[in-house]
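Contents: one structure, followed by commentary.
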Amino acid sequence: MGDQRVRHALNTIARMVLCAVGFVMSLYGTVRLDGLGSVGFGDLMRKPDLWIAATGGLLTAIAFVALGRSQAPPDPRPRRTAPESPEKPEKPEQPKVPEKPDNGNASDKLSLFEVVGLAAGGVIGSGWLLAVPTLHESLGEAALLGWAAGGVLMLTIAVVMVEFGLISQRTGGLLFHPHDAFGPLVVIILAASLWISYAINPAAQAAAAVNGLAEVVPALAGEGGLTRVGSTLAVLVTAAIIAFVLLPRRFVLRTNAALTLLKIAIPVIFVVCLALAVPAPLTGPGPAAGPTSTGVLSALITSGVIYAYIGFQAPLDVTGEVRGGRREVARRVRWAVYGTVVGSFLLYSALQLVYAEHMAGSGAEHGTSYARLTDTATLAGAPLDWLVVLVRLAAIIAPIGSGIVFTYALSREVYALSAERYVPSGLHEPRASRLPGRTSDSFWLILLVNLVLALVVLVAVGGDWQTLAVLNTIPILILYAVTCVVLAVRSELLGTGLQQLLPFAAYAAFVVIALVVNESAWDRVWKGVAVIAWGSLVLLVLPWLHHLRVPGLGWYDAKNHGARLFSRDPANRPFLVLALYLVALTLLSAVRHRIDDDSVWSVWSLRALVMIVASGAFVLLVGAGRRYLRQTLTSTRP
């Protein structure tokens, strides 16, 4: 036993040293690269600083992957993780969420290929098509800083969510881990955030696909967005995306995985060809001035950077459906999520580099499509016109594939919500989840509800992709932020070694999310928070009206959690803290919008205030969550 503990301590120290060395190398290489100014893609590849930064990032990633392997030797203290046996958990607040919504056998569960397809397929959608040109317009030659900042934030959030999500390995964990820590009222806010965001995503991806098709059929879009014909087609594409998920589950997953390979292959071919191609002589004014940190932070949402990264959490929505035992499930989910975040950063950065290198020579304006970059570039003396076909194909396929992933994941989350009666129990019944003649779940009624919600939002915003992207991004960021707090509340469930550092990463991610939201444009922030408030109100009021026996709502038999607000329920405090924090964050964003003075003092004073408010909210939420756990356990003891 003593030798095992010594080996474990040495392994932990080695991993911490590896993580520190990788972080220092990555930081040193990044700082050195930042001082180089504008260089060509080929010159950049020959810079040793690039490879120092890349090696440092790889070492850090290896250290993070080792988190799950840094397990303590046998310890007499009982672990509080969920048992693998069919016995029910001892904690009364643990919801009885089914491990899998499908009634298939082990061979019907998700393989590594399909899990990667969900993670990468959710990320590689319309974001890279529309965010790269927009980010170049916002940040100029320093656009890589936007992808780096977003990538670091997303990787931090991914590590927190994955490592904590693997503790229970159950479908619906994104919502029911908060249920364990805060009670049902906080879950109402998060359920509204997730449901609206996931339901809007297919509409946003459909609008992006129609925008891509508009390059071939100009009648589909104009300067003000989609035309009436284009909006009608976007509605049909949205319906087709949702209807596709009604097909046999195995066919949907394998088709999505194949689409994901195609979605990755096309931009990789595009990058390689343009990296080796000779650009036309410089005709523009030269590189733009580098941005301030305010510009980088505001661009993360405004330019669609965060939108381009979200979707990696799809495997966490369906962890209970992944094939294998606990270790195999953990390995597959880690490979899928971490590989997707790191791989998407590399792909987006490479796209940004070749875009910046060829845009000036093409004579194109800011915000132009990728297709125009090939007009004047040549490879071995041959034109690259054939790349236009690939780019336009990707502009249609990539968004549709991402919409399929979000639609599939949302059906599982709503199924779990219905099982716990956060929404009507009818969505959980076999007659509503299975089509005639089908033995596995297809969730046709849930998908029909999601279709109606997506179409209402699509028509309400007139098919505007940027508005849809914002309504998709802000609620997801709030969900990410609360998940980070849950990890700090339930930190006793974590293992030893580097996992003990996860609460610090959770706090950092929570504060950075607040800064990113505050730096975003005001019209985007208030719209995102408004849809969260609207969705939460609906989920709270409808059960109350059903309890009052209002005619026409007899079918809405969800639990009346809103009644808790008028009692001394322990779930009230975390709900009120979260609601007040969202209000404060919105008000601070309004103040940021009203400030005419862009001096360094004014910007950093407000930024410091946002950090203080976010830090206070994090501490209060952690305290409220732990108090909820203590009171719940005390009140249920015999």
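In the list LEU261, LEU274, which residue meets the criterion of being at pLDDT below 85 and either open to solvent by less than 40 Å² (accessible area, probe 1.4 Å) or out of contact with any strand residue (DSSP E or B) (no Cβ under 6 Å at 6 or more places or on another chain) (or both)?
LEU274
Among the residues of the stretch 152-168, is any among the polar types (S, T, N, Q), at pLDDT below 85 and open to solvent by less than 30 Å² (accessible area, probe 1.4 Å)?
For the stretch 152-168, residues among the polar types (S, T, N, Q), at pLDDT below 85 and open to solvent by less than 30 Å² (accessible area, probe 1.4 Å): present.
Yes or no: ALA120 in a helix (DSSP H, G or I), over 18 Å from the mean Cα position of the chain (by Cα), at pLDDT 85 or above and among the small types (Gly, Ala, Ser)?
Criteria not met by ALA120.
What number goes with the only condition from (1) of a type in the set (A, V, I, L, M, F, W, C); (2) within 24 Å of TRP444 (Cα to Cα); (3) assigned to a helix (DSSP H, G or I) that ILE269 does not pass?
(2)
Take the residues in the stretch 416-430 that are under 26 Å from the mean Cα position of the chain (by Cα) and closer than 12 Å to TYR556 by Cβ; name whichever of them is surrounded by the fewest Cβ atoms within 10 Å (Cβ to Cβ).
Filtering first and then ranking leaves ARG421.
Quick one: which residue in VAL452, VAL423 is closer than 24 Å to LEU174 by Cβ, out of contact with any Phe, Trp or Tyr (no Cβ under 7 Å at 6 or more places or on another chain) and part of a helix (DSSP H, G or I)?
One residue alone meets the criteria, VAL452.
Here is a check on your reading of the model: is ILE188 open to solvent by less than 10 Å² (accessible area, probe 1.4 Å) and part of a helix (DSSP H, G or I)?
Yes, satisfied.
Can you tell me which residues in the stretch 596-619 are at pLDDT below 80, among the charged types (D, E, K, R) and open to solvent by less than 50 Å² (accessible area, probe 1.4 Å)?
Correct list: empty.
Return the residues of the stretch 566-584 that are in contact (Cβ under 8 Å) with a residue 40 or more places away in the chain, part of a helix (DSSP H, G or I), farther than 12 Å from ALA614 by Cα and not charged (D, E, K, R); say none if nothing qualifies.
Result: ASN572, PRO574, PHE575, ALA579.
Name the pairs whose Cβ atoms lie under 7 Å apart, with the first residue in the stretch 294-309 and outside any helix (DSSP H, G or I), the second of a type in the set (S, T, N, Q), and 6 or more positions between them or separate chains?
Cβ pairs passing all conditions: SER303/THR134; SER303/SER138; GLY304/THR134.
How many residues, within the stretch 500-510, are open to solvent by 10 Å² or more (accessible area, probe 1.4 Å) and hydrophobic (A, V, I, L, M, F, W, C)?
Counting residues in the stretch 500-510 that are open to solvent by 10 Å² or more (accessible area, probe 1.4 Å) and hydrophobic (A, V, I, L, M, F, W, C) gives 4.
Determine if the stretch 381-392 includes at least one residue that is at pLDDT 75 or above and among the small types (Gly, Ala, Ser).
Yes: the stretch 381-392 contains one or more residues that are at pLDDT 75 or above and among the small types (Gly, Ala, Ser).
Does HIS593 satisfy the condition of being open to solvent by 50 Å² or more (accessible area, probe 1.4 Å), touching a residue at least 24 places away in the same chain (Cβ under 8 Å) and over 23 Å from the mean Cα position of the chain (by Cα)?
yes
Consider VAL622 carefully, then state whether it is modelled with pLDDT of 90 or more and closer than 26 Å to TRP526 by Cβ.
No; evaluated as a whole, the condition is false for this residue.
Among (1) over 30 Å from HIS177 (Cβ atoms); (2) assigned to a loop (DSSP other than H, G, I, E, B), which single condition is ARG392 missing?
The one condition ARG392 does not meet is (2).
Tell me which residues, restricted to the stretch 320-377, are outside any helix (DSSP H, G or I), at pLDDT 70 or above and open to solvent by 20 Å² or more (accessible area, probe 1.4 Å).
Once the filter is applied, which keeps residues that are outside any helix (DSSP H, G or I), at pLDDT 70 or above and open to solvent by 20 Å² or more (accessible area, probe 1.4 Å), the stretch 320-377 yields ARG323, GLY324, GLY325.
Looking for something within 30 Å of the chain's Cα centre (by Cα), of a type in the set (Val, Ile, Thr) and surrounded by fewer than 15 Cβ atoms within 10 Å (Cβ to Cβ) - is there at least one such residue anywhere in the stretch 548-567?
Within the stretch 548-567, none of the residues are within 30 Å of the chain's Cα centre (by Cα), of a type in the set (Val, Ile, Thr) and surrounded by fewer than 15 Cβ atoms within 10 Å (Cβ to Cβ).
The values are calculated or read from the model by the stated rules, or taken from the named source; none is laboratory data. Bear in mind the structure is a predicted one, so any value in this text is a computation, not a measurement. Neighbour counts run over all protein chains shown; Cβ positions are idealised from the backbone, glycine included. All accessible areas refer to the heavy atoms of the entire protein, side chains included, with ligands and DNA or RNA removed. Shrake-Rupley method; radii C 1.70, N 1.55, O 1.52, S 1.80 Å.
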